[in-house]
1. Once the Cα atoms of helix 53-68 and of the chain are each reduced to a long axis, what angle between those two axes, in degrees from 0 to 90 to the nearest 10, is obtained?
2. Taking the chain as a Gaussian network, where each spring joins two C-alpha atoms under 10 Å apart, which residue of 22, 49, 30 fluctuates the most?
3. How tilted is helix 37-49 with respect to the longest principal axis of the chain? Cα atoms for both, answer in degrees (0 to 90, nearest 10).
4. Using helices alone, I'd like the mean residue ellipticity at 222 nm for the chain: each DSSP H run of four-plus residues gives -39500 (n - 2.57), total over residue count, nearest 500.
5. Can you run the Rg to Rh ratio on the chain? Use alpha carbon positions and the Kirkwood inverse-distance Rh.
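No value in this document is a laboratory result; all are computed from the given coordinates. Remember, it's a predicted structure, so these values are computed and weren't measured experimentally.
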């Protein structure tokens, strides 16, 4: 069996609007289930690949600040 998790996650959210994507992210975080982490990773990859250098710096800064807490 050849299962591509990345493609499965992308197919699951393909065509979702911003509100639906936000719900997916919020639900994944609130559930606290480890099985949701790969999906969040795929969404992060989409964000990263579609961000300009300035946005990437903002994301990195926010992550670094969050890790300081």
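1. Between the helix axis and the principal axis of the chain, the angle is about 80 degrees.
2. Highest fluctuation among the options: 30.
3. Result, in degrees: 60.
4. -24000 deg cm²/dmol
5. Taking Rg over the Kirkwood Rh, I get 1.00.
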